[in-house]
Amino acid sequence: MSEVLLRTVRRVGTSGAPADVRIVDGRVAAIAPTGTLDPSGPDTDVVEAAGAWLGPGLVDHHVHFDQWALVRRRVDVSGCDSAEATADLLAEVARTGVADRVLVGHGYRDGMWPRPARRELLDRAVPRLPAVVISGDLHAVWCNALALAHFSQLVGRPLVAGEDGVLREQDAFDVTGALSQVPDDVLDAYAADAVEAAAARGLTRVVDLEMRFGLDRWARRIHAGTDGLRVSSGVYPLELDTVLVRGLRTGDVVPGTHGLLTMGPFKVITDGSLGTRTAAVVDAYGELGGHGVLTWPLDEVVPMVRRAVDAGLVPAIHAIGDRANTLALDVFEAVGARGTIEHAQLLADEDVERFARLGVAASVQPEHAMDDRDIADRYWAGRTDRAFAFASLHRAGARLLLGSDAPVAPLDPWVSMAAAVGRDRDGRPAWNPAERLDALTAWRASTDGRVGVAVGDVADLVLVSDDPLATSGSSAALRAMRVLATAIEGRFTYRER
């Protein structure tokens, strides 16, 4: 029998009266006023919490974990405010000689750049190496000529970009997929570091929507000792047949992974992104024109989703623009299934109530609203009252799930909650404050739906310095939240030193 005794904790969702919590064999066995529970034996791990706040472990409902692990080792260009500044930063890195095959930057956001990307800028900045800069939303890559030739060979077909050197959507995904082809031991080591970092921010579970089916990679990592997260690993249409042949259903536990790894949802991408101006919208993109792209017509996506649902997979449909969200809801209605719409960034007024009526959860990433507020104001002008409409969805009865979409935003649930509650960052006023969530709703959407900890619960827990529910209307306290410990089934995956 394993036992942990947490002394003098305050439980989230209660009055805050100090209590002791006993955990036996991975479950909460007893909760009593402080000083009334004693260790059962000499091997009990007694943790003096000194009034820290205890809550259920946190969940990130949308990550691209391998991409996040890789991005942590790439050149961060997110602070560059122009194409020229981005090229200058890459030129500086290239001169150091740290890249010997391909120079990779990440995080450019060109929606507010004074001049567009140009291939010749990268050609001059990095003349001797393939150079790739991945957009912050992952839906575009900016390449020099050497990179276009290099990745055309790797993917087995010509990758043709205009004078800007930018590849978008599937071409971009093919390049980032090729960049992910690193040796297993290298990628596994990167992932192990990223798991430790996630646990240090209170995460106990992630829904991994990496574009390459990851179930076997995660099983290998867990067998090797990377056991600091529960992972639900999704699949895309390209590998759907593989999953169906194996008989995997959403929620199935993978044997031999200590219950940490489960089969995730069936992910379908129906449009692009706001940052790349490819999200499918009803009204054109302001002065830019165009209505984005729809990846699948309704008559093709419905039978594909129905086939997955019939086999036991839960759909997770990527939809960002209002046109794409209407299509995604139409798919759920036609199939008669429940699931999630991932992102749900711009919604038609009449579609808001359909989420609750159809039993479709809105899996949203609040920090995207902070990253994209200026781009939305520019390209979705006159429509931003229905952009990132978290409060409207909540009022309509829709279930909300919060996530990061890492590496698009940091893999940090406190960042997501802060953006949802405050709709502000960097000292700027709240953006469309009518769509702020209260702290309780944001907290529920960042856990498995629980608010507090009760006897009988699986002991997936987070211990933090302050009450996360005492921060309504302010994001600063959430962004700065100090995590003291994280546990899965009472086993500590992180403890502050």
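A short reminder: the numbers here are calculations on the coordinates, not readings from a lab. The structure displayed is predicted, hence computed values, not measured ones. Please note: Cβ atoms are built from the backbone with ideal geometry, for glycine as well, and neighbour counts cover all protein chains shown.
Here the calculated FRET efficiency for ARG338 and GLU163, from their Cβ-Cβ distance with R0 = 56 Å, stands at 0.75, rounded to the nearest 0.05. Rounded to the nearest 0.05, what FRET efficiency do VAL245 and GLN170 give with R0 = 25 Å and r taken as the Cβ-Cβ distance? Could you check? After rounding to 0.05, the efficiency reads 0.55. Computed from the C-beta positions of ALA284 and ASP385 and an R0 of 22 Å, the FRET efficiency is 0.75 to the nearest 0.05. You can think of it this way: the chain between ARG357 and GLU120 has 80.2 nm of extra reach, that is 0.36 nm per residue less the Cα-Cα gap. Each Lys and Arg Cβ is given +1 and each Asp and Glu Cβ -1; about its Cα centre, the stretch 368-434 then shows a dipole of about 300 debye. Computed about its Cα centre, the charge dipole of the chain is approximately 360 debye, with only Lys, Arg, Asp and Glu carrying charge at their Cβ. Rg/Rh for the stretch 306-400 stands at 0.99; both radii use Cα atoms, and Rh follows the Kirkwood definition. Residues within the reach of a label modelled at LEU298 (point 7 angstrom out along Cα to beta-carbon, backbone nitrogen below 13 Å), restricted to the stretch 330-353, are 330-335. Beta bridges assigned by DSSP with both partners in the stretch 1-156 are antiparallel in approximately 50 percent of cases. Potential lengthening of the chain between ASP88 and ALA50 amounts to 8.7 nm, from the contour at 0.36 nm per residue minus the alpha-carbon distance. The mean sequence separation of alpha-carbon pairs under 8 Å and at least six residues apart, normalised by the residue count of the stretch 26-153, gives a relative contact order of 19 percent. A simple charge model with +1 on the Cβ of Lys and Arg, -1 on the Cβ of Asp and Glu and nothing else charged puts the dipole of the stretch 137-277 at about 380 debye relative to its Cα centre.
The distance between label points at THR8 and ARG395 comes to 4.4 nm (points 7 Å beyond Cα on the Cα→Cβ vector). Of all DSSP bridge pairs formed entirely within the chain, close to 45 percent run antiparallel. Of all the C-alpha pairs in the stretch 244-319, what % are more than 14 Å from each other? Counting every Cα pair in the stretch 244-319, those more than 14 Å apart make up 68 percent.
Here the ratio of the Cα radius of gyration of the stretch 1-119 to 2.2 N^0.38 Å is 1.87. Relative contact order for the stretch 371-471: 23 percent, from Cα pairs under 8 Å spaced at least 6 residues apart, divided by residue count.
The alpha-carbon atoms of the chain define a convex hull whose volume equals 151 cubic angstrom per residue. Remark: the ARG497-ALA311 segment gains 62.3 nm on full extension, using 0.36 nm per residue and subtracting the alpha carbon distance. Take each peptide in 331-337, 225-231, count the other Cβ atoms within 10 Å of every residue, and average; sorted highest first, the result is 225-231, 331-337.
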